[in-house]
Amino acid sequence: MDSDNIKAAFWNHMTSAITGRRLTRPAVYQWLKFYLGFVRLKPLLFEFFGSFLMEWRQVFLVLRSFTVSCSAVFILVTAGVAAPPERPLVFVPGIVGSVLSEADDSSRGEVIWGDLGSIRGSNFHRLDLLPSDGDPLRVRSTDALRGLPLPFGAFENGLYGKLFKFLEGDETLADRISGDTRKGNYVEGETLFVFHYDWRRSNFANALHLNSFITENLPEGPYDLVAHSMGGLVTRIMLSQRGPSDTCVTATAAEIGLPGDEYQALCIAIYGQSPTGAYPSDHLSATRPAAERMHTFIEMAVPHYGSVNLAATLLEGWGKASELLLGGKLAIQNTILSMAAPIELLPTYDKCCAFGEAYETGNVQADPYNEEFWLDMLLGFGEEPCPYARCETRRALFRNGIANRRIIDEIMDAGLPATVKANHGIIGRYVKNTREVVYVDPGAGGNGAGVTYRTNAEGDGTVHRISALLPNNKQSETFSNMGVVRHAGHPFIIGNTAATGYVYDMLIKPVTQGILAVSGDKLLFVGGTVDTVGLELSETILMVGDETLVTLRADDQREDPFDPAQAVGEVLRIKLEGVDTGEVVEQAGALTLDTDWSLPTSGKLVYTSDAIAIDAPGIYRLSVLDSGGTELAQSHVYVLEK
């Protein structure tokens, strides 16, 4: 246990033992001053009470009774005045978690990514870093996405604003055991700093920007950091002091196989640019001194070894919405394949990728670093003519992404540096339809043909447990701990009550013993306990008046099974609530048991809805509740004007 944890443990024990509650430091310093003065008077007290044969224990009891009374005065003074945090906090959002605006020097600039209009083709394709004609739009990040979630194919960011409100004390949590109210006491700009960044660029470039951000805002002293999703990769790269592959560092245009102007465009697309052009090679490999001052590092739903959902995004886009809103799958692929960061999220954990077909025999494991597997068999780069704009430049960008992915894996395998004192991970589990393995039929022809997935409930619907688990901290004695949030999908972990409480226990009121964060109490349903649950929508992006179907699948814990008779009669309610307005849509719909697909006696239930339509544009939180009002699962629905 390090000295900081020892101090924290002493602090909490001392204050609670004396007064039954936790006081601020000034109050306890006053108590200690009184206590030490009393000890000096101990001989005189014994002489004074000698005729009564008073033992030291009795003197101490008198002391404690007296100090409890005195502490009431201190409580009156200090109650409601929160002590400043032990250390300042930096927050790093994940992919698509930062607002991107047109870089207009005269104003904040038009928002390109950050509102409902972002998922229309007219805006989304403006994010293309390798457009077929002309230069890419100048874009800059302006804030984290605080109030609205946005989808990126099979990825979706969380609602960061809710966590920020808790950290700043604007929202509270009730401790499930003690019932005490818990809230943060950070102040944004003073003790809380939110790092936003251009999430299209390589994680190596953003690791450098993170170092600069910390150095500028916190030039000295230790700090803590919370990262969500891809933000964990950015942070671990910063901590590692590792540089990227040599594509834009030591390699030449001729070695990459591109003309000089295309090579320049490639390096700018991957890493961004300085005022004079592409970053010089020594910049990309520069050290990051801010890394040495990080104290506690908390990772929330981080895909350390990638996600199969990234492959699904590349191959499938946004489903039918691809055709209606974004100009088709190929248009989406052209835009995404101009971005470095998504490629660096490719899955590489053991048995993530295979030749064959899901749930069939005879499948053969594939090398996740094999360029042919991704470029030709899955994406169809080998087709004649190549289906993508600036095909060779995009091919080079993808190859660079695979090379950087290999370095990221080496960073993960090496673990954290010894300078990091504590590392905590929060992962999601027991969400059905989490993709674990991507399979491709070698003879199918590429570009999504012959691609299948194996899914299970060992993840949060986006990041599989295998990838989310904390990598080994081989280089240090870093204190590590893992918390599990049950039944919360990837975008909902960031605002989950248990996850927020975990952050409180690790940062605001530090504990020295590892604890498990489990999302609330057991999820009870139709007379039993839910083991795994999944919510599926036939379409998540709709035009006003269009319809979607809702399906909920739940399996029981065999030691506490569902009641088949109760399951048959159960009617689930759909609740639609505007994410930004909080307004609830009345009579949204209901789900009933699908007897064709359910096996009630085996604890496998499937509930389906009739088609539901939403008549007003907006982003909605769709929840499924049982007849008693318990929320079983949630998702987001995006409704746009026609």
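The values are calculated or read from the model by the stated rules, or taken from the named source; none is laboratory data. As the structure is a computational prediction, the values presented were derived from the model and not from experiment. No Cβ is skipped: glycine too gets one built from the backbone with ideal geometry, and neighbour counts run over all protein chains shown. Protein only, heavy atoms only, side chains kept; ligands, DNA and RNA dropped before computing areas. Shrake-Rupley method; radii C 1.70, N 1.55, O 1.52, S 1.80 Å.
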For residues that are open to solvent by 10 Å² or more (accessible area, probe 1.4 Å), in a loop (DSSP other than H, G, I, E, B) and either not charged (D, E, K, R) or not assigned by the TED database to the domain that holds SER285 (or both), tally how many sit in region 367-379.
-> 3
Test each condition in (1) under 15 Å from SER538 (Cβ atoms); (2) in contact with a strand residue (DSSP E or B) (Cβ under 7 Å, 6 or more places away or on another chain); (3) modelled with pLDDT under 95; (4) open to solvent by 10 Å² or more (accessible area, probe 1.4 Å) for ASP610 and report the one that comes out false.
-> (2)
Provide a single number: the residues in region 414-443 that are of a type in the set (Val, Ile, Thr), assigned to a strand (DSSP E or B) and in contact with a Leu (Cβ under 9 Å, 6 or more places away or on another chain).
-> 4
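Per-residue answers, yes or no, for (1) modelled with pLDDT of 95 or more; (2) assigned by the TED database to the domain that holds ALA269; (3) buried (at least 21 other Cβ atoms within 10 Å of the Cβ); (4) more than 21 Å from SER467 (Cα to Cα):
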residue: GLY319; (1), (2), (3), (4): no, yes, no, yes
residue: LEU324; (1), (2), (3), (4): no, yes, no, yes
residue: LYS329; (1), (2), (3), (4): no, yes, no, yes
residue: ILE343; (1), (2), (3), (4): yes, yes, yes, no
residue: PRO347; (1), (2), (3), (4): yes, yes, yes, no
residue: THR361; (1), (2), (3), (4): no, yes, no, yes
residue: GLN365; (1), (2), (3), (4): yes, yes, no, no
residue: PHE381; (1), (2), (3), (4): no, yes, yes, yes
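Return yes when ARG405 is open to solvent by less than 20 Å² (accessible area, probe 1.4 Å), touching a residue at least 12 places away in the same chain (Cβ under 8 Å), assigned by the TED database to the domain that holds ILE494 and basic (Lys, Arg) and no when it is not. Steps first, answer last, please.
Numbers: open to solvent by less than 20 Å² (accessible area, probe 1.4 Å): yes; touching a residue at least 12 places away in the same chain (Cβ under 8 Å): yes; assigned by the TED database to the domain that holds ILE494: yes; basic (Lys, Arg): yes.
Judged against the criteria, ARG405 is a match.
Out of LEU150, LEU208, LEU192, I need the residue that is farther than 28 Å from GLY317 by Cβ and open to solvent by less than 10 Å² (accessible area, probe 1.4 Å). Which one? Write out each step before concluding.
Values: LEU150 fails: farther than 28 Å from GLY317 by Cβ; LEU208 fails: open to solvent by less than 10 Å² (accessible area, probe 1.4 Å).
Step by step, each of LEU150, LEU208, LEU192 is checked, and only LEU192 is farther than 28 Å from GLY317 by Cβ and open to solvent by less than 10 Å² (accessible area, probe 1.4 Å).
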Among ARG390, ARG399, which is the only one that is open to solvent by 10 Å² or more (accessible area, probe 1.4 Å) and on the phi > 0 side of the Ramachandran plot?
-> ARG390
List every residue pair whose Cβ atoms sit under 8 Å apart, with the two residues 6 or more apart in sequence or on different chains, where the first one lies in region 560-587 and is part of a helix (DSSP H, G or I) and the second, anywhere, is surrounded by fewer than 15 Cβ atoms within 10 Å (Cβ to Cβ).
-> PRO564/THR601; VAL568/THR595
Contact list, first residue from region 152-178 and outside the structural domain of ALA488 (by the TED database), second anywhere and at pLDDT 85 or above and open to solvent by less than 10 Å² (accessible area, probe 1.4 Å), beta-carbon distance below 6 Å, six or more apart or interchain, is none
Taking region 177-227 and keeping only residues that are at pLDDT 95 or above and assigned to a strand (DSSP E or B), one is left with GLU188, LEU192, PHE193, VAL194, TYR223, ASP224, LEU225, VAL226, ALA227
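Matching residues to (1) open to solvent by 60 Å² or more (accessible area, probe 1.4 Å); (2) within 25 Å of the chain's Cα centre (by Cα):
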| residue | (1), (2) |
| --- | --- |
| VAL530 | no, yes |
| GLY534 | no, yes |
| SER538 | yes, yes |
| MET543 | no, no |
| ALA554 | no, yes |
| ARG558 | yes, no |
| PHE562 | no, no |
| GLN566 | yes, no |
| ARG573 | yes, no |
Matching residues in region 233-246 - criterion: being under 25 Å from the mean Cα position of the chain (by Cα) and in a loop (DSSP other than H, G, I, E, B) = GLN241, ARG242, GLY243, PRO244
